[in-house]
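Before any comments, here is the structure.
The values are calculated or read from the model by the stated rules, or taken from the named source; none is laboratory data. Predicted model only: the values in this text are computed from it and were never measured. Positions of Cβ are backbone-derived with ideal geometry, glycine not excepted, and every protein chain shown enters the neighbour counts. Areas reflect the complete protein model, heavy atoms only, side chains present, ligands, DNA and RNA absent. Shrake-Rupley method; radii C 1.70, N 1.55, O 1.52, S 1.80 Å.
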Amino acid sequence: MEHTDVFDPRRYARGLPHDAYRALRDHAPVAWQEEYEVLGWPAGPGFWAVSRHADVVRVLKDAGTYSSHLGATQIRDPDPADLPFIRRMMLNQDPPAHGRLRRLVSRAFTPGRVGRFTATARARAHRLIDAALAGGGPADLVRTVTDDYALLNLTDLLGVPANDRGLLHTWTERVIAYQDPDEPPVLDASGRPVNPRSPARLADMFAYAQDLAAYKRRHPADDVMTSLATSALADAELEMFFFLLTVAGNDTVRSAAPGGLLALAGSPREQARLWNGEVFLDTAVEELLRVHPPVLTFRRTATRDTALAGVRIAAGDKVVVLHPSANHDERVFPDPLRLDLGRGPNPHVSFGDGPHVCLGAHFARLQLGVLCDVVRERCAGLELAGPPRRLVSNFINGVTSLPVLLRARSSPRA
């Protein structure tokens with residue numbers, strides 16, 4: 001089979017490469033990918049791309065063979081000097097250390113605390129959608145709705161003061177959009193890009209996390225930062241959790257929300273089924289997550305010589321799972337390119353699987369469900385008013401602009 005490249009961040013700006021994914025699934029489900037120099041970032045040693053659903057699940061569940069700790073979870077190798085620092089984050093740890101941290105933090109994400117945000121999220125969605133409708137013409141739903149919706153919901157849950165919310169947006173952009181030409185990289189003295197996850201680039205965020213934690217100890221509230229600040233986390237662990245929750249917590253919904261609205265706008269038939277109550281909202285949300293997972297890839301490192309789908313993998317090799325490909329595997333999802341809001345079962349891997357399944361998945365589902373319900377309530381329909389703009393990234397499945405014509409209802413639904 002001719003080499004199929006799914007590494008280049010620029011190709012994701014054109015949309016998910018479904019033809020390439022299918023070619024890999026059918027002919028090379030574990031395929032070697034070259035890590036060439038691109039967008040100023042240096043070349044790397046290469047990696048194995050895993051494209052079939054069953055193999056992706058196997059990798060994600062088997063932390064003993066496929067480690068998050070050895071080389072962290074990004075395709076690019078971190079600077080060896082930064083690796084011990086990066087390994088402090090729960091995302092970049094393996095059991096049993098990972099389990100201890102996850103248990104500590106999961107206590108902050110109680111169903112009751114998350115559930116209490118439903119009314120707040122709904123009121124916010126009403127305000128943002130009504131403001132977009134008031135414009136009377138096409139609206140960029142990323143700029144007018146989804147960016148603010150995701151960020152403000154997260155800061156409410158964390159307990160970040162209103163005046164500081166812009167900081168979280170800045171930090172998220174720095175870490176998530178580092179491959180995109182619209183977010184020029186910071187260069188070191190030799191002209192090489194500086195990893196946005198390096199200690200030097202995170203110092204301001206960590207200092208803020210410690211200041212906020214100190215404030216929460218003096219003024220406790222019903223929020224996640226109060227729970228973290230009064231837990232058994234060490235200072236370095238608290239800093240890393242603030243980083244993880246700020247970036248991952250924001251960008252999960254920030255990517256999934258416009259992606260879901262884009263899918264609805266592009267499928268009038270399925271949109272009508274949802275609007276007419278022919279499918280359950282929770283089922284529809286799962287399908288929107290399947291077709292537009294927030295994350296494109298996650299990396300593991302083989303701890304020993306092994307085999308996957310008949311391919312020999314050497315200890316130390318990078319193994320990268322392709323979430324959108326797994327979500328469109330014909331072996332699991334009939335007619336996978338078709339949006340089917342009533343699809344069931346729907347075992348997508350948009351929030352991962354195994355020990356690292358997304359800690360905030362419940363919170364993300366809640367927000368997506370509320371937003372879709374409010375759009376259905378306030379709007380007669382959605383239609384694209386121009387091509388969307390997508391993030392240049394092989395990590396985040398981002399939508400940075402979504403021009404949509406919102407058709408207002410003559411009277412809001414009860």
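Using a Gaussian network model on the chain with a 10 Å cutoff between Cα atoms, which of 147, 340, 19 fluctuates the most?
Sorting by GNM fluctuation, first place goes to 19.
Top to bottom by accessible area (1.4 Å), largest first, where do 255, 106 land?
Most to least solvent-accessible, the answer reads 106, 255.
Over the range 242-299, how many percent of alpha carbon pairs lie in each 5 Å bin up to the one with the longest distance?
The calculated distribution, bin by bin, is 4, 18, 24, 22, 14, 9, 6, 3, 0.
Just need the relative contact order of the chain here, percent rounded to a whole number, with Cα pairs under 8 Å and 6+ apart. Don't skip to the end; give the middle numbers.
Numbers: 677 pairs, mean separation 108.3, N = 414.
Once normalised by length, the contact order is 26 percent.
Given the protein chains as shown and a 1.4 Å probe, how many square angstrom of residue 278 are accessible, to the nearest 10?
Number for this one is 110 Å².
Using Cα pairs under 8 angstrom and six or more residues apart, how large is the relative contact order of the range 95-193, in percent?
Relative contact order comes out at 16 percent.
Would you calculate the separation in nanometres between label points at residue 116 and residue 88, each defined as 7 Å from the Cα along the Cα-to-beta-carbon direction?
In this crude spin-label approximation the distance works out to 3.0 nm.
Using +1 at the Cβ of each Lys and Arg and -1 at the Cβ of each Asp and Glu in the chain, identify which of 171, 12, 288 lies farthest towards the dipole's positive end.
Value: 288.
In square nanometres, what is one fourth of the surface area of the convex hull spanned by the alpha carbons of the chain?
Taking a quarter of the hull surface, the average projection is 19.9 nm².
Which whole-Hz ³J(HN,Hα) couplings does the range 73-90 yield from phi under the Karplus relation 6.51 cos²θ - 1.76 cosθ + 1.60, θ = phi - 60°, glycine and proline marked x?
With the stated coefficients, the range 73-90 comes to 10, 9, 4, 5, 5, x, 4, x, 5, 8, 4, x, 5, 5, 5, 5, 6, 4 Hz.
Taking all protein chains in place and a 1.4 Å probe, what share, in percent, of the accessible surface of the chain do carbon and sulfur account for?
54
Please compute the modelled spin-label separation between residue 362 and residue 280, points set 7 Å along Cα→Cβ, answer in nm with one decimal.
1.8
Ordering 61, 216 by accessible area with a probe of 1.4 Å, largest first, what comes out?
61, 216
For the full complex of protein chains and a 1.4 angstrom probe, list 192, 52, 299, 218 by accessible area with the highest value first. Could you put the intermediate results ahead of the total?
Working: 192 130, 52 65, 299 10, 218 155 Å².
In descending accessible area the options line up as 218, 192, 52, 299.
Each residue of the range 44-52 in turn: what ³J(HN,Hα) in whole Hz from Karplus with 6.51, -1.76, 1.60 and θ = phi - 60°, glycine and Pro shown as x?
x, x, x, 7, 8, 9, 10, 10, 8
Collect residues whose amide H, placed 1.01 Å from N in the peptide plane, falls under 5 Å from the amide H of residue 67; neighbours closer than 5 in sequence don't count.
Amide H to amide H, under 5 Å and 5 or more residues apart or across chains, residue 67 pairs with 301, 302, 303.
Between residue 54 and residue 14, 0.36 nm times their residue separation minus their Cα-Cα distance comes to what?
Fully extending the segment from residue 54 to residue 14 adds 11.7 nm.
Leaving out ligands and nucleic acids, and using a 1.4 Å probe, what accessible area per residue does the range 8-125 come to in Å²?
Dividing the accessible area of the range 8-125 by its residue count gives 44 Å².
Keeping all protein chains in position, work out how much accessible area residue 286 exposes to a 1.4 Å probe, and write it in Å² to the nearest 10.
40
Calculate the FRET efficiency for residue 26 and residue 162 from the Cβ-Cβ distance with a Förster distance of 45 Å, rounded to the nearest 0.05.
0.30
Measure off 7 Å from each Cα along the Cα-to-Cβ vector at residue 186 and residue 306, then give the distance between these two points in nanometres to one decimal.
In this crude label model, residue 186 to residue 306 measures out at 3.5 nm.
What residues have an amide H closer than 5 Å to that of residue 390, excluding those fewer than 5 places away on the same chain, when H is modeled at 1.01 Å from N in the peptide plane?
400
Separation of the range 19-41 and the range 174-245 by C-alpha centroid, Å?
32
With θ taken as phi - 60° and the coefficients 6.51, -1.76 and 1.60, list the Karplus ³J(HN,Hα) couplings across the range 133-150 in order, rounded to whole Hz; mark glycine and proline as x.
Computed from phi, the couplings for the range 133-150 are 5, 5, x, x, x, x, 10, 7, 5, 5, 6, 8, 10, 6, 4, 5, 4, 5 Hz.
Report the full-extension gain for the segment residue 131 to residue 235: residue separation times 0.36 nm, less the Cα-Cα distance, to one decimal in nm.
Additional length available on full extension: 33.3 nm.
Only helical DSSP H runs with n ≥ 4 go in: add -39500 (n - 2.57) per run for the chain, normalise by residue count and round the 222 nm mean residue ellipticity to 500 deg cm²/dmol.
-13500 deg cm²/dmol
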